[in-house]
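First the structure, in the form of structure tokens, and then the observations on it.
The values are calculated or read from the model by the stated rules, or taken from the named source; none is laboratory data. Here the structure is a predicted model, which is why all the values come from computation and not from measurement. Neighbour counts are summed over all protein chains in view; Cβ atoms, including those assigned to glycine, are modelled from backbone coordinates with ideal geometry.
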Amino acid sequence: MPAPRSAPLRRLNEPEPAATPRLNVGFVLSWRFTLCAFANFLDVLRLAADEGDRSRPIHCSWKVIAPNMQPIPSSSGVEIQPQETFGDPTRFDYIVVVGGLLDEADRNADQIDAFLRQASAAGVPLVGLCTGTFILFRAGLMKGRRGCVSWFHHKEFLDQFDGLTPVSDQIFVIDRDRLTSAGGASTAHLAAFLVERHVGRAQATKSLHIMMIPEAEKGETPQPGLTLNLRSSDPLVSRALLLMQQCLDMPLSIEQIAKQLNVGKRRLERHFRDALNCSPFAAFLEMRLALVHHLLETSDKPIAEIAAETGFCDSSHLSRMFRRRYDVSPQEFRRTRLPLAA
């Protein structure tokens with residue numbers, strides 16, 4: 001990843017004057033930003049910056065910057081007061097943009113996009129937290145680069161950026177001078193990565209331990225997404241399950257899943273047998289049928305619509321598979337709300 005012009009990447013433990021922070025970050029908060037993503041990233045910097053919990057910005061420093069000095073509301077309603085206006089982006093080693101709610105217009109969008117383009121042109125690495133990845137794509141700053149998006153927002157990303165495929169099966173992605181994370185606790189791990197790179201491993205570990213996070217996770221760590229009743233400690237199986245979850249309406253073949261995970265089909269099948277005692281195909285079918293059950297129980301959608309949403313050819317195909325698994329048709333289950341077989 002190329003270094004920012006204002007502060008080259010330094011070797012771990014390289015001496016530096018104590019008065020100069022080794023890591024200087026500017027935060028750009030979108031309208032109705034995600035407070036958790038911001039706070040987790042910031043607290044890793046804060047705890048690494050000083051001894052204990054004293055919070056002095058010695059080794060790390062940070063500012064919340066914005067187009068103007070108006071308070072910026074988070075998605076929870078808590079407001080943050082900017083400390084400075086945008087100005088020269090090269091005074092920071094990284095610009096970190098924190099995304100927010102996708103269904104609300106960002107009243108500062110044009111100014112944020114322009115500033116991020118200015119920072120990129122000046123060689124300042126950009127970081128996207130949570131839906132901040134959407135903002136980097138929106139600003140045209142992710143061309144030819146991989147971007148991390150939460151499994152929860154995978155479909156929204158595909159809807160907004162036709163023809164682009166985000167990374168939704170790991171917690172953060174580093175692609176040269178773009179660093180993106182899925183949000184939530186994963187932002188702490190991305191911040192720890194930067195602290196280790198610029199300040200030292202001891203400071204990164206200390207921050208995470210004080211935050212009750214046992215250890216730093218690598219970017220390739222699978223996102224802890226919703227995979228219904230299927231759980232596995234095998235990272236390859238977990239990533240495959242997440243990938244399956246993201247294409248329930250248009251199921252990939254097992255060969256396509258293996259290809260996306262950069263493994264052979266036989267290796268993937270072996271991992272599934274060892275971890276779940278079933279084939280990838282059987283796990284995928286179980287996941288889709290469990291979603292059918294959920295939709296039958298919680299919605300009034302027609303069977304044909306549910307079949308389309310869960311990747312079955314038609315309602316007849318869905319009914320055959322559902323009856324084979326649960327000994328009852330979708331129509332009968334919906335009428336009686338019978339408990340399903342385990």
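Taking the listed residues Ala282, Ala290, Ala275, Ala240, the one that is among the small types (Gly, Ala, Ser), over 22 Å from the mean Cα position of the chain (by Cα) and at pLDDT below 90 is Ala290, with no other qualifying.
Tell me whether the range 300-318 contains one or more residues that are within 22 Å of Met250 (Cβ to Cβ), assigned to a helix (DSSP H, G or I), of a type in the set (Ser, Thr, Tyr) and in the same structural domain as Gln245 (by TED's automatic domain parsing). The answer is yes, given that some residue of the range 300-318 is within 22 Å of Met250 (Cβ to Cβ), assigned to a helix (DSSP H, G or I), of a type in the set (Ser, Thr, Tyr) and in the same structural domain as Gln245 (by TED's automatic domain parsing). Within the range 40-66, being under 29 Å from Arg107 (Cβ atoms) and surrounded by fewer than 17 Cβ atoms within 10 Å (Cβ to Cβ) holds for one residue alone: Lys63. Can you find even one residue in the range 329-341 that is assigned to a loop (DSSP other than H, G, I, E, B) and either of a type in the set (D, E, K, R) or touching a strand residue (DSSP E or B) at 6+ places or on another chain (Cβ under 9 Å) (or both)? For the range 329-341, residues assigned to a loop (DSSP other than H, G, I, E, B) and either of a type in the set (D, E, K, R) or touching a strand residue (DSSP E or B) at 6+ places or on another chain (Cβ under 9 Å) (or both): present. Of the residues making up the range 120-138, not a single one is in contact with a Lys or Arg (Cβ under 8 Å, 6 or more places away or on another chain), crowded, with 19+ Cβ neighbours inside 10 Å and within 22 Å of Cys247 (Cα to Cα).
How many of the residues making up the range 93-104 are in contact (Cβ under 8 Å) with a residue 40 or more places away in the chain and within 17 Å of Phe161 (Cβ to Cβ)?
The qualifying residues number 3.
Taken over the range 47-69, the criterion of being more than 26 Å from Asp113 (Cα to Cα) and either in contact with a helix residue (DSSP H, G or I) (Cβ under 8 Å, 6 or more places away or on another chain) or in contact (Cβ under 8 Å) with a residue 24 or more places away in the chain (or both) is satisfied by Leu47, Ala48, Ala49, Asp53, Ser55, Pro57, Ile58, His59.
Just give me the residues in the range 330-340 being over 17 Å from Met287 (Cα atoms) and either modelled with pLDDT of 90 or more or outside the structural domain of Met250 (by TED's automatic domain parsing) (or both), in sequence order. Passing the criteria: Gln331, Glu332, Phe333.
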